[in-house]
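Structure, as structure tokens:
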Amino acid sequence: MVTTHNLGFPRIGRNRELKFALEKYWKGELSEQDLLDTAGALRAQHWQDQTHLDWIPVGDFSLYDHVLDASFMLGNIPERVSALSGSELDNYFRVARGRSVADNSACSCVHAGEMTKWFDTNYHYIVPEFDKNTQFSLNASRLREQIQQAQRVQPQVKPVILGPVSYLWLGKSKDGSDKLELLDDLLSVYAQLLHELKNAGIEWVQIDEPILVMELTEAWKHALRKAYYQLQAAPVNLLLATYFGQLQDNLQLACELPVNGLHLDSIAAKNEVATIIDWLPSHKILSLGVINGRNIWKTDLTATLDWLEPIHARLKDRLWLAPSCSLLHVPVDLNNEQKLAADVHAWLAFAIQKLQEVTVLAKALNQGRDSVSEILQENNAAITSRKQSKRVHQVTVTARVREITDAMGTRQSPYHQRARVQRKKFQLPLFPTTTIGSFPQTQNIRQVRRDFREGQLAEPEYHQAMQKEIALCVREQEALGLDVLVHGEPERNDMVEYFGEQLAGYAFTDYGWVQSYGSRCVKPPIIYGDVAHIQPITTEWIRYAQSLTNKPMKGMLTGPVTMLNWSFVRDDQSRADTCMQLALAIRDEVLALEQAGIAIIQIDEAALREGLPLRKSQWNTYLDWAIRAFRITANGVRDDTQIHTHMCYSEFNDIMTAIAKMDADVITIETSRSNMELLDAFDQFQYPNEIGPGVYDIHSPNIPSVDSIIELMKKAAQRIPAERLWVNPDCGLKTRNWEEVRPALRNMIAASRYLSSHLSTTQVS
């Protein structure tokens, strides 16, 4: 019999219950017990949704981030936090966001942990911190409580834990010491944990080692062997889980590690399954991730069964079925969606539906296809409908992509010539200040958008309300003294969804929320067909904002690679082809802004790095078409139009050469949480254009001091000539409130003025 299980379930709830509970708790409007009760109720509901599986996961739920959970379970809490008073939950949120609750005087604000992307996804994790003196100690009380709760729903529960080697890999050594020297101490804690899990009645433990799909040095491969040869004495069965890619040169290693089962992402690594079946010892189970855990398209069940049936005949009881990875990366339940077009709705599957697909496949293998014949017929009809739909393919769009030339991606003049023209035109001071685009989005702004969307507010009243908010943002910026202004983006619900709503080829959900980090949720739009620009999107708002000020107003757009990587993307053509369609669509908007008199245009590519293949050997192919797409988007403008781009919350040191090839006049980039470590890249690489290293961590409520910003910018000025440095936050300000934003920007501007007075253009004092 085939066994079914799941690697992880979305945490946020069908209606983002976790988000709202967290934010109330942080504001002091919800008690700690009420927050924990909400979390418990969500877990119970999620387990109930999975009871048709043979094994349900436990430990996949998190109040903020599962890697941070692992750090607290392993006793690896930064000293700046562990020494503070307060509850364990207070310290947890201090690492996550620099503060636990609203009372600034009582919460002992600290520097939040660094945050970066989880492999090549749009999920962010809190980076574990290590030094040569790091010691680990087990605190599994939270996990034990969740196990006891889950066992009341279904006896067969499978704890999900991050593997020891991946945990070290994902962390950062703060003093340059070798992280692998900590492995022995870490393994002793893992051994203790596995014994505690046995005492809790656990039979199987899912232990995630996603780094097995990465390029590993011999030292890291040895660490994996060492770890699992030591842990093989554990009194529980270990299911070693990999996902997001192929094993390639790690395939033999994965098969030989002394564990009881191996999970393979067979969406990403389907071509490796036959070899693994041949190489995997006969006493080990093989779990195949046959349902795509990262996209929302319905699985072709008939085609999947055609592939699975011979595998099942060979493996029999040794075959387990699951989604390819945790369902953290998809929305919860398609049944909530009532407004999607019927045909598009029929093409989709969210987390609940994906687990039903797993069950259908298992039933067909265990009992024969006749037992699920009606479901297979319905599924086949949906698959055929999508393939034949006339709304998917547009001849004019594909023809335009074929006509793209290299000249379309090349500026009229090189940067050093453009820079002279732009400096003469804008007359900006040394260390000019700007923001990344958005300003606080109040409940009133969101309500106005909601009323307009639902037909309860007429278009003239909506436009009046948006213009009023834009005018407020302009006044605030002029009062603060910013040099380059933005309109504040009150009309935008999301930087991707807003643009997608006005392009051909996109569909949208009402409840398709996915966790990005902590309480931050995004609702990725769905690219189901060819993408095209229909009419100007932003020019009305930006032109109005520019009419209110004599200072330069920056037009704000989302770039094609971010539009691609932060959407659920069609899987019937290459991502490169879809990205080129997006590039042409956003190019049309760039040219419309320039025609409307906007001379500074920011094209955000926050998601550029997360699209990188996990193996460096495949990077160049991706970067070639991704950078080309940006250039096609940006480079049709005149020399006196200044192009900015923005990137955040990823490690960019190793792709700086590619970023330079984008040829943006100014790049703004996240550096505040990493204390400007990103700028180490400039010790080896002379970045040729202008750069604004983010000095204000907008994902924390903490307000940066003038001195801290000055010190950060001095570090930047040691690598980048002062005349090419900008001062700005590290991301947009929509999630903050005005009471935080005003003093933070005031300090940022004061630091800029100090720097322009005390630093020459050639050296740092």
_Under 20 Å between alpha carbons, and skipping anything fewer than 8 positions from residue 132 in its own chain: which aspartates and glutamates qualify?_
79, 114, 175, 178, 181, 184, 185, 677
*At most 15 other Cβ atoms within 10 Å and a DSSP loop assignment: could you name the chymotrypsin sites (Phe, Trp or Tyr not before Pro) in segment 275-322 that fit?*
none
*asked:* Once ligands and nucleic acids are excluded and a 1.4 Å probe is used, how much of residue 533 is accessible, expressed in Å² to the nearest 10?
replied: 40 Å²
*Work through the residues other than residue 242 whose Cβ is under 10 Å from its Cβ and net out their charges, Lys, Arg +1 and Asp, Glu -1.*
-3
*Quick one: order 29, 203, 605 from most to least accessible surface, probe 1.4 Å.*
29, 203, 605
*Given 384, 211, 260, which one lies farthest toward the positive end of the charge dipole of the chain, if we put +1 on the Cβ of every Lys and Arg and -1 on the Cβ of every Asp and Glu?*
384
*For residue 758, put the label point 7 Å out on the Cα→Cβ axis and report which residues of segment 695-719 keep their amide N under 15 Å from it.*
705-718
*Rh by Kirkwood over Cα pairs, then Stokes-Einstein D for segment 116-193 at 1.567 mPa s and 4 °C, µm²/s*: 89 µm²/s
_Length added when fully stretched, residue 374-residue 454, from 0.36 nm per residue minus Cα-Cα_ = 25.1 nm
*Can you pull out the trypsin sites (Lys or Arg not before Pro) in segment 57-137 that DSSP calls coil and that have at most 16 other Cβ atoms within 10 Å?*
132
_If I stretch the segment between residue 399 and residue 464 completely, what's the gain in nm (0.36 nm per residue apart, minus their alpha carbon distance), one decimal?_
19.4 nm
*Work out how far the C-alpha atoms of segment 161-221 reach from end to end along every principal axis, then list the three figures in whole Å, largest first.*
40, 25, 17
*Which entries in 117/316; 117/174; 24/174; 19/390; 468/554 show an alpha-carbon gap greater than 27 Å?*
117/316; 24/174; 19/390
*Modelled label-to-label distance, residue 237 and residue 335, 7 Å Cα→beta-carbon offset: nm?*
3.0 nm
*Expressed as a whole percentage, what fraction of the accessible surface of segment 215-262 belongs to carbon and sulfur atoms when a 1.4 Å probe is rolled over the protein heavy atoms?*
47 percent
*R0 = 25 Å: FRET efficiency of residue 501 with residue 549, Cβ-based, nearest 0.05?*
0.35
*Write out the GluC sites (Glu not before Pro) in segment 367-413 meeting two conditions: DSSP loop, and at most 15 other Cβ atoms within 10 Å of their Cβ.*
403
*Can you give the accessible area per residue of the chain, in Å², using a 1.4 Å probe?*
37 Å²
*In segment 234-354, what is the volume of the convex hull around the alpha carbon atoms, normalised per residue and reported in Å³?*
117 Å³
_Karplus-derived HN-Hα couplings along segment 67-84 (A = 6.51, B = -1.76, C = 1.60, θ = phi - 60°), whole Hz, x at Gly and Pro_ = 6, 5, 4, 4, 4, 6, 5, 8, x, 9, 10, x, 4, 5, 9, 4, 7, 7
_Kirkwood Rh in Å, taken over segment 522-651 so that all alpha-carbon pairs contribute_ = 15.4 Å
*Modelled label-to-label distance, residue 41 and residue 175, 7 Å Cα→beta-carbon offset: nm?*
4.7 nm
*Could you tell me which label, among (1) 213; (2) 223; (3) 155, carries the value of volume of the Cα convex hull per residue in Å³ calculated for this structure?*
(3)
*With contacts defined as alpha carbon pairs under 8 Å and 6 or more residues apart, what's the relative contact order of the chain in percent?*
13 percent
*Determine the percent antiparallel among the DSSP beta bridges restricted to the chain, to the nearest 5.*
20 percent
*Can you give the extra length, in nm with one decimal, that the chain gains between residue 624 and residue 225 once fully stretched, where that is 0.36 nm per residue apart less the Cα-Cα distance?*
140.0 nm
*asked:* For the pairs 425/551; 158/179; 179/221, flag any whose C-alpha to C-alpha distance is greater than 18 Å.
replied: 158/179
_If you take every residue apart from residue 185 with its C-beta less than 15 Å away from the C-beta of residue 185, what net charge results, scoring Lys and Arg +1 and Asp and Glu -1?_
-1
*Could you please state how large a percent of the accessible area of segment 585-655 is carbon and sulfur, counting protein chains only and using a 1.4 Å probe?*
44 percent
_How far apart, in nanometres, would the label points at residue 472 and residue 446 be if each is projected 7 angstrom from Cα along the Cα-to-Cβ direction?_
1.5 nm
_Estimated 222 nm signal from helices in the chain, with DSSP H stretches of n ≥ 4 weighted -39500 (n - 2.57), rounded to 500_ = -12500 deg cm²/dmol
*asked:* If you average the C-alpha positions of segment 33-100 and of segment 380-456 separately, how far apart do those two centres end up, in angstrom?
replied: 37 Å
_Once the convex hull of the alpha carbons of segment 45-96 is built, what does its volume come to per residue, in cubic angstrom?_
82 Å³
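The values are calculated or read from the model by the stated rules, or taken from the named source; none is laboratory data. A quick note: this is a predicted structure, and the numbers were derived from the prediction, not measured. Positions of Cβ are generated from backbone atoms using ideal geometry, with glycine treated the same way; all protein chains shown enter the neighbour counts. Heads up: the accessible areas ignore ligands, DNA and RNA and are worked out on the full protein's heavy atoms, side chains in. Shrake-Rupley method; radii C 1.70, N 1.55, O 1.52, S 1.80 Å.
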